[in-house]
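The values are calculated or read from the model by the stated rules, or taken from the named source; none is laboratory data. Keep in mind the model is a prediction, meaning the values are calculated, not measured. Glycine also receives a Cβ, built like all others from the backbone with ideal geometry; neighbour counts cover every protein chain displayed.
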Amino acid sequence: MFIQQAFKSLHAWWRYLLGFIIIFLASQIGTIPLIVAVLFKIISEGGDVDSLQDQAVLMGVLDSNLTLFLMLLSFAIGLLALYFVVKYFHKQPFTEVTTARKKTDWGRVLFGFLLITVTTVTLTVVDYYSNPENYIVQFNLVPFIILAVIAILMIPLQTSFEEYLFRGYLMQGLGTSTVHKKFPFVVLYSIFATLVYFVLNLSFTLDFETQFVYFLVVIGALVYLCNSNYLDGIINSGFYQKFWSVLKRNSTPLIITSVVFGALHIANPEVDKLGNIIMIYYIGTGFFLGIITLMDEGMELALGFHAGNNLISVLLVTADWTVFQSNSILKDISEPSAGFDVVAPVLIIYPIFLLIMAYRYKWNNWNEKLFGKIEAPIAVSEKTTANTTI
């Protein structure tokens, strides 16, 4: 199975934690060119450097095509770091993070891409002719060609980074970690620490330095508790063992990666314009991509779908309040509002997509693939025993 095959490689929990930190830092380093370019532009024009703290300023100083390229560059660097972490830190073939098949099925990637592309183009054309007052045509050949080149080269890297990170690396990492006896405690501790963070941030608006210190304290306390004897009584209790058996299933990495994937979009400008209801769409999309990955025993459909969704969105329609500002064909000038159309993809379109994919690829045994128990191989080796402690 897709998750279980990670047991064949170096899969200790600390490797995934350290690997995630390396990947995250690499992606942040990738943002430096954008910040430097914007900073240089502001200084050369005698602007206020403090304005960099405003995301609208950061995204609006440079030409939109250049901004898009530099913004997507961080994802490309993150993807490169992820590749090296998987290959050299986990000693895992990159294909095994992609699929449970012997090789990547590019036909599936193309199918996922075409499914969302045709749907998006069709719905956009219908809406354009139904509500022409909501759009203006801003097509300009030269800027659009430049945009198309950047988008075709860079957006698949951006979406692949997100898919490999969430539906591949973290889903397998969390899945293999569920077999460790202290995993339920880590989950509960993480939920508690996250809730405390939000309460503190809402009450005092924590600055970056304070958030970083809080993060270090939380991680330090977790490591201390996991390596102490204080948890022995709790771990051996009947309730804990039952809770552990509930978590030791495919649904656990599916839920965690989907929620985190959606939550990371909370900083997008769409959230400010449409409200928190848009999070239903982001988290729902995470669940959809996770479900098709588990049901299909690979990420190919998710890779194609995500790339098609973002690529066509950038080339076809833009708006002043979206995360991607581009020289697209159309510009949406309507006043943004959150209605049923925000949740319609999750409630209507995604279920239809699932039925289409299930029919095409003969999916069965849904309960086992989505909620089946995760078990480590019984075979004993230096690699296995070295990675079954927490």
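Could you please find all residues in segment 314-327 being in contact with a Leu (Cβ under 6 Å, 6 or more places away or on another chain) and polar (S, T, N, Q)?
Within segment 314-327, 326, 327 meet the criteria.
Just the residues that are not in a helix (DSSP H, G or I) and not small (Gly, Ala, Ser), please, taken from segment 280-299.
Once the filter is applied, which keeps residues that are not in a helix (DSSP H, G or I) and not small (Gly, Ala, Ser), segment 280-299 yields 297, 299.
One line per residue, one yes/no per condition, for (1) exposed (fewer than 13 other Cβ atoms within 10 Å of the Cβ); (2) without any contact (Cβ under 8 Å) to a residue 12 or more places away in the chain; (3) closer than 26 Å to residue 320 by Cα:
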{"residue": "129", "(1), (2), (3)": "yes, yes, yes"}
{"residue": "139", "(1), (2), (3)": "yes, no, yes"}
{"residue": "182", "(1), (2), (3)": "no, no, no"}
{"residue": "192", "(1), (2), (3)": "yes, yes, no"}
{"residue": "206", "(1), (2), (3)": "no, yes, no"}
{"residue": "214", "(1), (2), (3)": "no, no, no"}
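Please verify whether segment 269-285 includes one or more residues that are aliphatic (A, V, I, L, M) and within 17 Å of residue 370 (Cβ to Cβ).
Yes; the residues of segment 269-285 include at least one that is aliphatic (A, V, I, L, M) and within 17 Å of residue 370 (Cβ to Cβ).
Residues are listed down the side, and each one gets a yes or a no for (1) among the basic types (Lys, Arg); (2) under 23 Å from residue 300 (Cβ atoms); (3) surrounded by 13 or more Cβ atoms within 10 Å (Cβ to Cβ):
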residue	(1), (2), (3)
161	no, yes, yes
174	no, yes, yes
189	no, no, yes
202	no, no, no
247	no, no, yes
253	no, yes, yes
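Counting only residues that are closer than 27 Å to residue 367 by Cβ, give me the helices (runs of 4 or more DSSP H) lying completely in segment 139-252 with at least 3 of them.
171-177, 183-204, 238-247
Please determine whether any residue of segment 111-118 is within 16 Å of residue 297 (Cα to Cα) and modelled with pLDDT of 95 or more.
yes
Given the residues 189, 135, 129, 197, which is the only one that is on the phi < 0 side of the Ramachandran plot and either among the small types (Gly, Ala, Ser) or in contact with a strand residue (DSSP E or B) (Cβ under 6 Å, 6 or more places away or on another chain) (or both)?
None of the other options fit; the residue is 135.
Pairs needed: first member in segment 91-102, of a type in the set (Phe, Trp, Tyr); second member anywhere, surrounded by fewer than 20 Cβ atoms within 10 Å (Cβ to Cβ); C-beta distance under 8 Å; at least 6 residues apart or different chains.
94/83; 94/87
Any chance segment 270-279 includes a residue that's surrounded by 12 or more Cβ atoms within 10 Å (Cβ to Cβ), in a helix (DSSP H, G or I) and within 15 Å of the chain's Cα centre (by Cα)?
Checking segment 270-279: at least one residue is surrounded by 12 or more Cβ atoms within 10 Å (Cβ to Cβ), in a helix (DSSP H, G or I) and within 15 Å of the chain's Cα centre (by Cα).
For segment 7-36, which positions are in contact with a Lys or Arg (Cβ under 6 Å, 6 or more places away or on another chain) and either of a type outside the set (A, V, I, L, M) or without any contact (Cβ under 8 Å) to a residue 40 or more places away in the chain (or both)?
9
Give the residue, chosen from 357, 299, that is modelled with pLDDT of 95 or more, farther than 27 Å from residue 267 by Cα and buried (at least 17 other Cβ atoms within 10 Å of the Cβ).
Only one candidate passes the filter, namely 357.
Within segment 84-116, take every residue that is of a type in the set (Val, Ile, Thr) and in contact with a helix residue (DSSP H, G or I) (Cβ under 7 Å, 6 or more places away or on another chain) and give me the one that is surrounded by the fewest Cβ atoms within 10 Å (Cβ to Cβ).
The selected residue is 104.
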